[in-house]
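Enquirer: One structure follows; several queries about it will come next.
The values are calculated or read from the model by the stated rules, or taken from the named source; none is laboratory data. Every value quoted in this text rests on a predicted model; they were computed, and no experiment measured them. Please note: Cβ atoms are built from the backbone with ideal geometry, for glycine as well, and neighbour counts cover all protein chains shown.
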Amino acid sequence: MTSVRLDGIGELVTNDPRAGIGSLGVVLDASLVVADGAVVYAGPQRTAPAADRLVDVGGRAVLPGFVDSHAHLVFAGDRAVEFAARMAGRRYETGGIGTTVAATRAAPDELLRANLARLVAEALRQGTTTIECKSGYGLTVADEERSLRIARELTPETTFLGAHVVPPGTDPDSYVDVVCGPMLRACAPHARWADVFCDDGAFDADRTRVILAAAAGAGLGLRLHANQLGPGPGVQLAVEHGAASADHCTYLSDADVDALAASGTVATLLPGAEFATRSPYPDARRLVDAGATIALATDCNPGSSFTTSMALCIALAVREMGLTPAEAVWAATAGGARALRRDDIGRLREGTRADFVVLDAPTHMYLAYRPGVPQVAEVWHGGRRVVPHWSGAAPVR
Ligand code: NIG
Ligand code: FE
């Protein structure tokens, strides 16, 4: 297979501290060589090996593709009116999920597939080369199974979220029996992960424990919607069960922060949800200072965060959550990879997947510095350029 060498990289973010400066492992005046879908070289241009094809990126920054480790993309309909009502002062409530569940159940497979494909393509255009996708808008055995079957066609990072909410009119304990029994059996073959929404209006600690144990027994990795709507037991449960990540983490006690810092559970922060529900942002600074590992993700869903923009999440994390641009970029790439327990993505070094972004900017800092501006010039996925979109002019510094 032909190898490709990208020269003229003004700033290469490797996320490999041994390869360059700081925790982003930044290499200036760098080259990246890719072959067979993988990185063969990531380092200074002067020592780069030869390749079959040469591309000059004209001083632009190159970074690993974004890893969006939390999204809900299989659904029909929208909830724009609910969003507008919130912006007029209404509170976010889990009851809105029912609107999407009704629309999703009524939708044919082709519509769900087309909606999903559109969102995945939209994310890819903006630099997201790995995206996790949850079920959770079916809430029957058949509808959860088909959501995951369809999700699996587009991403290997699929998550069974039958425990999103208890369907209206259903007894919660009977529903937990269904989730842990026939629903889990039908869904596990299409899923890598299981998730539970542990919060007021969704699942309490006891029911969450039962579902996590059943999912782990079925061989699924665990993740949790935790402490989004208020303080609660979610984070502690995630840590106790060795979950790969505890997501949202909006309301944390000191004990929650300590537990995350002492564990292998990543705190996945979803600022799009705080933005669209007009909620206080989680304190990322406090988590990082305590030694916790954090990831940033979009939480893309029609209710609480209808964005696929990892760049927006980075900008919000920097402006509202106390992170430096470098910390936010790390969390959106290597942090997401940690949250998915993947070491083949989120970094650029020999052997990792050749998933990366060429920015129409000289440095990663521009992602937060120029919020709202589309700056992803190219996206390379598995060593192939899938998004070519150069502005023409070289970036100005
Ligand atoms: O992550 N918190 C639970 N689930 C989604 C919201 C889903 C919805 O409102 O449709 C979330 O924010
Ligand atoms: Fe979510």
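Enquirer: Just wondering, is there one or more residues in the range 295-303 that are modelled with pLDDT of 95 or more and surrounded by fewer than 24 Cβ atoms within 10 Å (Cβ to Cβ)?
Expert: no
Enquirer: Confirm whether T293 is in contact (Cβ under 8 Å) with a residue 40 or more places away in the chain and within 22 Å of V165 (Cα to Cα).
Expert: Answer is no for this residue.
Enquirer: Read through the list (1) within 20 Å of Y366 (Cα to Cα); (2) of a type outside the set (S, T, N, Q); (3) in contact (Cβ under 8 Å) with a residue 40 or more places away in the chain, then give the number of the only condition that L323 fails.
Expert: Failed condition: (3).
Enquirer: Turning to a different aspect of this structure: When only residues in the range 266-280 that are out of contact with any Lys or Arg (no Cβ under 9 Å at 6 or more places or on another chain) and not small (G, A, S) count, which is nearest to ligand 2 (Cβ to nearest atom)?
Expert: Looking at the filtered set, the residue picked out is L270.
Enquirer: Taking the stated definitions as given, is D344 surrounded by fewer than 24 Cβ atoms within 10 Å (Cβ to Cβ) and either touching a residue at least 12 places away in the same chain (Cβ under 8 Å) or under 18 Å from the mean Cα position of the chain (by Cα) (or both)?
Expert: Yes; evaluated as a whole, the condition is true for this residue.
Enquirer: Kindly indicate whether D199 is free of Cβ contacts under 8 Å to residues at least 24 places away in the same chain and either among the charged types (D, E, K, R) or not assigned by TED's automatic domain parsing to the domain that holds L312 (or both).
Expert: When the stated conditions are applied, D199 does not pass them.
Enquirer: Looking at the range 1-51, which of its residues are closer than 18 Å to D344 by Cβ, of a type in the set (V, I, T) and not in a loop (DSSP other than H, G, I, E, B)?
Expert: Hits for the range 1-51 are V13, V33, V34, V39, V40.
Enquirer: Another question, if that's okay. Provide a single number: the residues in the range 52-95 that are in a strand (DSSP E or B), within 21 Å of the chain's Cα centre (by Cα) and away from ligand 1 (no atom under 12 Å from the Cβ).
Expert: So the count comes out to 6.
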